[in-house]
1. Out of all the residues in the range 113-130, is one or more under 16 Å from Phe237 (Cα atoms) and touching a His at 6+ places or on another chain (Cβ under 7 Å)?
2. Keeping to the range 26-62, report how many residues are under 26 Å from Glu377 (Cβ atoms), surrounded by fewer than 17 Cβ atoms within 10 Å (Cβ to Cβ) and in contact with a Cys (Cβ under 9 Å, 6 or more places away or on another chain).
3. Could you identify the single residue in Leu213, Leu235 that is within 29 Å of Ala405 (Cβ to Cβ) and within 21 Å of the chain's Cα centre (by Cα)?
4. Of these, Thr177, Thr160, which one is crowded, with 20+ Cβ neighbours inside 10 Å and assigned by TED's automatic domain parsing to the domain that holds Ala308?
5. Given the condition within 19 Å of the chain's Cα centre (by Cα) and under 19 Å from Gly353 (Cα atoms), answer yes or no: does some residue in the range 408-418 qualify?
6. Filter the range 213-227 down to residues that are crowded, with 23+ Cβ neighbours inside 10 Å and touching a residue at least 40 places away in the same chain (Cβ under 8 Å) and give me whichever is nearest to Ile257 (Cα to Cα).
Amino acid sequence: MTSRNQQLFEAAQRHIPGGVNSPVRAFRSVGGVPCFFKEGKGPHVWDADGKRYTDYVGSWGPLILGHAHPDVVRAVQEAAARGLSFGAPTEAEIEMADLLCELLPNVDMVRLVSSGTEATMSAIRLARGHTGRDVLIKFEGCYHGHSDSLLVKAGSGLLTFGNPSSGGVPADLAQHTLVLDYNDPQQLAEAFAKHPDRIAAVIVEPVVGNMNLIAPKPEFLQAMRELCTQYGAVLIFDEVMTGFRVGPQCAQGYYGITPDLTTLGKVIGGGMPVGAFGGKREIMEKIAPLGPVYQAGTLSGNPVAVAAGLATLKLVQQPGFYEALTQKTLRLTDGLTAAAKKHGVDFVAQSVGGMFGLYFARECPATYAAVLECDKEAFNRFFHAMLEAGHYFAPSAFEAGFVSAAHSDADIDATIAAADAWFARQ
Ligand code: PMP
């Protein structure tokens, strides 16, 4: 019998490329038919066939309170009833900007946009406009959205400029991006020494969640801060994923490193389309209408989206919120690691705050090259076994996972038990 998911996937492919509006949703990496979801409540989602899953994707990070949290839904309904969009300033945007600047001591001013891609794209333009330089440094395996300057892979040799990693990106543009190895402070120092007055910005995921999860070596972030200061480059922490996910002051608070610009998204929109970039006043004042760097958006600061974000940020500030989230996430990663060990399976897991990584390897990787060495086929089999048992992990071995405040110990223990049963069969 064809499942409803299968029918919908076939129908979707008629008029939507690949049947999806964002590529990883198509299950190309793990194979099989993607789940079409019709409902979510707390830690659970239901697919088109009515099957329930415990969700460890959480819309790729925004749903830190779980699905359809009553306070967030109420805030959205109330805002929607007052008007969906004005294309003019609203009071809620001030509340959001004030709150973000209060929560992040390094952020003096902030501008709201509608996605993480817009946030990073705008922050890079601003950094280039501020410094009058063109070169951008990014790290292999970090994802910062799909703007042209960022869809770039490493060049042929160490410290040579990058090549497009996507069709449609001009090679000339990729020439302005230098792609280096994550967690390699030495290489970063060499890049600055080679191009002392050309580097406008370094953009980094302070904890990487886009090549599975890679934790930063503290000396890597420290060196980055010192080199950017020394050479007059702008340090951009892309906290679209880590922002209010790893702790109350994002990764910058967690690791005690001060970036010049911060990009945000996901959690600050509570599941609605919101992004933001902010930082030092002297840099932020270069944006139009105050300064020469253009940046705009019809739906930027949308009142319904901002209402969802504010309701979410209010709840995550409750005392003990991140301690509890961190404990829940550790319960999952420790439990999975112990179960694998019991059955002699080469598998480990780790977490930072409410995000985690799963690796079919003997130890947690610290580099992109080490991530590529993990057993992807084993992950794919694990993924499908867990899906079958009602536990929804990210459909790719190269994505981080997320736990929400709505996951109970019992939810997590049930997931560990399902994994234990699968590990036992390996
Ligand atoms: N930066 C990071 C670190 C991300 O993880 C993502 C999305 N996963 C983005 C930027 C892009 O955000 P969006 O998909 O909202 O455009």
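The values are calculated or read from the model by the stated rules, or taken from the named source; none is laboratory data. This structure is a prediction, so every number in the text was calculated from the model and none was measured. Counting neighbours? That spans all protein chains shown, and the Cβs are built from the backbone with ideal geometry, glycine included.
1. Yes, the conditions are met somewhere in the range 113-130.
2. 1
3. Answer to the check: Leu213.
4. Just one listed residue meets the conditions, Thr177.
5. No, there is no match, as no residue in the range 408-418 is within 19 Å of the chain's Cα centre (by Cα) and under 19 Å from Gly353 (Cα atoms).
6. Result: Ile214.
For every residue, the table says whether it meets (1) part of a loop (DSSP other than H, G, I, E, B); (2) within 16 Å of the ligand (Cβ to nearest atom); (3) under 21 Å from the mean Cα position of the chain (by Cα).
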position: Val246; (1), (2), (3): yes, yes, yes
position: Pro259; (1), (2), (3): yes, yes, yes
position: Val267; (1), (2), (3): no, yes, yes
position: Ile283; (1), (2), (3): no, no, no
position: Val306; (1), (2), (3): no, yes, yes
position: Thr312; (1), (2), (3): no, yes, yes
position: Gln327; (1), (2), (3): no, no, yes
position: Thr337; (1), (2), (3): no, no, no
position: Val345; (1), (2), (3): yes, no, no
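To keep it simple, each residue is scored yes or no on (1) touching a helix residue (DSSP H, G or I) at 6+ places or on another chain (Cβ under 7 Å); (2) at positive phi; (3) among the hydroxyl-bearing types (Ser, Thr, Tyr).
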position: Gln327; (1), (2), (3): no, no, no
position: Thr333; (1), (2), (3): no, no, yes
position: Ala338; (1), (2), (3): no, no, no
position: Ser351; (1), (2), (3): yes, no, yes
position: Gly354; (1), (2), (3): yes, no, no
position: Arg362; (1), (2), (3): no, no, no
position: Pro365; (1), (2), (3): yes, no, no
